[in-house]
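Read the structure below first, then the notes.
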Amino acid sequence: MNTLAKLRLHDLAPEQEDFRTAVLEGLTKPHKSLPCKFFYDAVGSALFDRICELPEYYPTRTEIDILTEAAPQIADLAGRGGVLVEYGSGSSMKTRLLLDALAPDVYMPIDISRQHMLGACHTLAQDYPALHLMAVCADYTRPFTLPRVARGGQRRLAFFPGSSIGNFAPLEALRFLKNVAHQLTAGDGLLIGVDLKKDPAILNAAYNDSAGVTAAFNLNLLARCNRELGTNFDLSAFAHRAFYNAAAGRIEMHLDSLRAQTVRLAGQAFEFTAGESIHTENSYKYRPDEFRHLATQAGFEPRQTWADTGELFGVLYLRRR
Ligand code: AVJ
């Protein structure tokens, strides 16, 4: 059987122009920054998958353990069948736990990285021959409309794992959650993974792995600029730096310029002083009560919170009011 018969692509194509514009804008700011959503080209997506396997990077395995144990309860809360919508589906690894427990009629992954998502869908289509796949290529940091699905009735479970919500500042997170609430109807669910506040030593280690994969992931952003935009970033003249900013409740990632240098893009010159940084990512951490408060403000009712015994990571089931 042709397993692709059940795969549709809804392409809200985030364009190449977006990347160029964002880099020009980010390098023009008084404190240079680049949006972390551009980490995920083919190279970056592969590096991120390697991060998830690192001994220091506890979120992935911890969330998988929580989901594995909570799966029957999640199925009771969300109901079986229906539509499973996933924001930032990546390799769709955690999704399989929900596909097994919920047996949805339709799986709707949403990802900015089209080829990576489609690759994951091809594998899923083979492993779940009854499943209808409606892949949505979109930048979920911007408001967008979900495609309508003919199948699967009305019931939806939105899935936002990995603590990707942490990439938003709290006010942006609130706006994003309100958008998700808007895409759902009363009674639908949102299952969301949230990285918890903890001993900074654990956090710092998770973003400064000894194998240097996180550094390579961070530096790939500059390599991507060179590949796609023709910039002349010297990758050996920038260094990965990540640290927990306790006052802001977030991990910050930066690329530090190791010397004074000039980078050119689109006929413009961007000057770096020695030690000047490009801020590339924020990863906010929450206490469970802080996050439940945010979700409540966005129009959700917190129904269940699961965490590992070390309280490193939380998974919440929220019901759209
Ligand atoms: C995908 C946002 C959850 O913040 O932990 C991992 C990305 N950056 N290591 C995170 C990331 C560096 C990750 N999220």
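The values are calculated or read from the model by the stated rules, or taken from the named source; none is laboratory data. The model shown is predicted, which means the values in this text are computed figures rather than measured ones. As a convention, Cβ positions derive from the backbone with ideal geometry for all residues, glycine included, and neighbour counts pool all protein chains shown. SASA here: full protein model, heavy atoms, side chains in, ligands and nucleic acids out. Shrake-Rupley method; radii C 1.70, N 1.55, O 1.52, S 1.80 Å.
Details
- Qualifying residue in the stretch 14-33 (condition: buried (at least 19 other Cβ atoms within 10 Å of the Cβ), among the aromatic types (Phe, Trp, Tyr), in contact (Cβ under 8 Å) with a residue 40 or more places away in the chain and within 16 Å of the ligand (Cβ to nearest atom)): no
- Of the helices (runs of 4 or more DSSP H) lying entirely inside the stretch 114-208, the ones with 2 or more residues being within 17 Å of Phe300 (Cα to Cα), touching a residue at least 12 places away in the same chain (Cβ under 8 Å) and away from the ligand (no atom under 16 Å from the Cβ) are found at 170-183.
- Neighbours by Cβ (under 8 Å, 6+ apart or cross-chain): first from the stretch 240-256, free of Cβ contacts under 8 Å to residues at least 12 places away in the same chain; second more than 10 Å from the ligand (Cβ to nearest atom) and outside any loop (DSSP other than H, G, I, E, B): Asn245/Glu252
- Residue list for the stretch 280-301, filter: part of a strand (DSSP E or B) and surrounded by fewer than 18 Cβ atoms within 10 Å (Cβ to Cβ): Glu301
- Test: residue in the stretch 101-112 that is more than 27 Å from Thr305 (Cβ to Cβ), more than 13 Å from the ligand (Cβ to nearest atom) and open to solvent by 20 Å² or more (accessible area, probe 1.4 Å): yes
- Of all residues in the stretch 224-264 being within 23 Å of Leu171 (Cα to Cα) and more than 15 Å from the ligand (Cβ to nearest atom), the one that is most open to solvent (accessible area, probe 1.4 Å): Ala247
- Flag for Leu4 being exposed (fewer than 15 other Cβ atoms within 10 Å of the Cβ) and part of a strand (DSSP E or B): no
- For the stretch 100-113, the set of residues classified as touching a residue at least 40 places away in the same chain (Cβ under 8 Å) and part of a loop (DSSP other than H, G, I, E, B) consists of Pro104, Asp105, Ile112, Ser113, listed by residue number.
- Scanning the stretch 107-164 for residues that are farther than 22 Å from Asp188 by Cα and among the acidic types (Asp, Glu) yields Asp127, Asp139.
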